[in-house]
Amino acid sequence: MEKRISILGGDLRIVNLAKMLLKDGFEIYTFALEKSQELQEMEPIHFCSSLQELMKQSNTILTAIPLSKDGTVVNTPYSDSVVTIEAFYQNSKGKRIISGKLEESFKEDETTEVYDILEEEEYAIFNAIATAEGAIQVAMEEFPKTLSGSNILVLGFGRIGKIVAKMLQGIGAKVYCEARKKEDLAYIQAFGYTPIDLQDLNENLAKFDIIINNIPTLILDKTRLDLLKKEVLIIDLASKPGGVDFAYAKQQNIKTIWALALPGKVAPVSAAEYIKKVLYHKIQR
């Protein structure tokens, strides 16, 4: 296994991962992480002065997950440096890149070996666990009543929906799950939750205390928001553009929290461990 790696930007998950790799005997080179006090206090992490210097140090480049928040620059919350995706792309040819939500240009370049961690089923399941726990933490902090006994709707019965429903059931919530597919509705009933077919969603919305959305398209539009009780709490876990008409919800004083990137916020060490497992599988190939 190659024991030399270059790390570009990233959030607290990447900071924790760098610490883990250092303890595992890796030689670590970084750029756009210089404002991390934790890394500054660790030896011997090398802080490069430029993107070009960083890219020369290793054939394996680990960077932010996801790579970018705006599709233009690399996510570098621990730096004032601005690294455009185009600059990263031009300097990454011939390298092995490990990141998330990579632009198609990276994947189409035959000289570059690309691994998108967010497309790995192993990581997706680990990530769903942390996201579900984070959603429940948000609900406990923001909802003025106990979750036990509350009517909670989970929109979308994918990886995160399945896990968050199980966790909510375990703490005594009355769990309802929405799905489109008949087989998903059958599983929902088999697991002991109340199934709600999408076509029956509107007539059921008024009963819910909390709604947790996992659908990345507009499902809670103006019409559906008008059907909710005013005291409802909506937690949207969906990636951009989200599943809620946020402007209208705000206008109607409906409390809505768009809880993005929860694993990096509520469980950065566990998230780093998940990334490390996938990383090791890739660099051992």
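The values are calculated or read from the model by the stated rules, or taken from the named source; none is laboratory data. Keep in mind that what you see is a predicted model, and the values were worked out from it rather than measured. With ideal geometry, Cβ positions are generated from the backbone for all residues, glycine too; neighbour counts draw on all protein chains shown. The accessibility values were calculated without ligands, DNA or RNA, using every heavy atom of the protein model including side chains. Shrake-Rupley method; radii C 1.70, N 1.55, O 1.52, S 1.80 Å.
The table for this structure:
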{"quantity": "Gaussian network model of the chain, springs between alpha carbon atoms under 10 Å - residue of D116, D24, D245 with greatest fluctuation", "calculated": "D24"}
{"quantity": "For the range 1-69: rounded, prolate or oblate by the Cα gyration tensor [a/c cutoff 1.5]", "calculated": "rounded"}
{"quantity": "Cleavage-rule hits, chymotrypsin sites (Phe, Trp or Tyr not before Pro), the range 111-218, DSSP coil, Cβ neighbours within 10 Å at most 15", "calculated": "F191"}
{"quantity": "Accessible area of the chain belonging to carbon and sulfur atoms, whole % at 1.4 Å probe", "calculated": "49"}
{"quantity": "Gain in span if fully extended, D80 to R224, counting 0.36 nm per residue against the direct Cα distance", "calculated": "47.7 nm"}
{"quantity": "Within-12-Å neighbourhood charge of H46 [Cβ basis; K, R +1; D, E -1]", "calculated": "-2"}
{"quantity": "Length gained when the stretch K255-A190 is fully extended (0.36 nm per residue, less Cα-Cα span)", "calculated": "20.2 nm"}
{"quantity": "Largest-first ellipsoid semi-axes for the range 35-105, taking √(5λ) over the Cα gyration tensor eigenvalues, angstrom", "calculated": "20, 15, 11"}
{"quantity": "Environment charge of V266, counting only residues whose C-beta is closer than 15 Å and scoring Lys/Arg +1, Asp/Glu -1", "calculated": "-3"}
{"quantity": "Per-bin percent of Cα-Cα distances, the range 209-264 [5 Å]", "calculated": "5, 22, 34, 25, 10, 4, 1"}
{"quantity": "Accessible-area value, M167, 1.4 Å probe, nucleic acids and ligands omitted, Å²", "calculated": "50"}
{"quantity": "V269-E2 FRET efficiency (beta carbon distance; Förster radius 30 Å; 0.05 resolution)", "calculated": "0.80"}
{"quantity": "Whole-Å semi-axes of the range 118-159's equivalent ellipsoid (Cα gyration tensor)", "calculated": "25, 12, 7"}
{"quantity": "Charge dipole magnitude, Cβ of K and R +1, D and E -1 - the chain, Cα centre, debye nearest 20", "calculated": "520"}
{"quantity": "Amide proton proximity set for N213, modelled H, under 5 Å, gap of 5+", "calculated": "L155, I235, D236, L237"}
{"quantity": "Stokes-Einstein D (µm²/s) once Rh is taken as the Kirkwood radius of the range 165-219 over alpha-carbon pairs, at 20 °C in 1.002 mPa s", "calculated": "180"}
{"quantity": "Percent of Cα-Cα distances greater than 19 Å, calculated over the range 127-285", "calculated": "54"}
{"quantity": "Candidates A247, A173, A132: whichever shows maximal mean-square fluctuation once the chain is modelled as a Gaussian network with Cα springs under 10 Å", "calculated": "A247"}
{"quantity": "Shape of the range 84-141, Cα gyration tensor, a/c cut at 1.5", "calculated": "prolate"}
{"quantity": "For the chain, accessible area per residue (1.4 Å probe, heavy atoms of protein chains only), Å²", "calculated": "47"}
{"quantity": "Cβ charges +1 (Lys, Arg) and -1 (Asp, Glu), total dipole of the range 197-285, debye", "calculated": "600"}
{"quantity": "For the range 13-36 and the range 166-199, distance of Cα centres in Å", "calculated": "41"}
{"quantity": "Directionally averaged shadow of the chain, computed from the convex hull of its alpha-carbon atoms, nm²", "calculated": "16.2"}
{"quantity": "FRET E, pair Q284, E119, Förster distance 25 Å, beta-carbon r, rounded to 0.05", "calculated": "0.85"}
{"quantity": "Whether the range 125-190 is rounded, prolate or oblate, judged on the alpha carbon gyration tensor where a/c under 1.5 counts as rounded", "calculated": "oblate"}
{"quantity": "Three semi-axes of the equivalent ellipsoid, the range 1-119, Cα gyration tensor, whole Å, largest first", "calculated": "21, 16, 13"}
{"quantity": "Summed residue charge, Cβ within 14 Å of I125's Cβ, Lys/Arg positive, Asp/Glu negative", "calculated": "-2"}
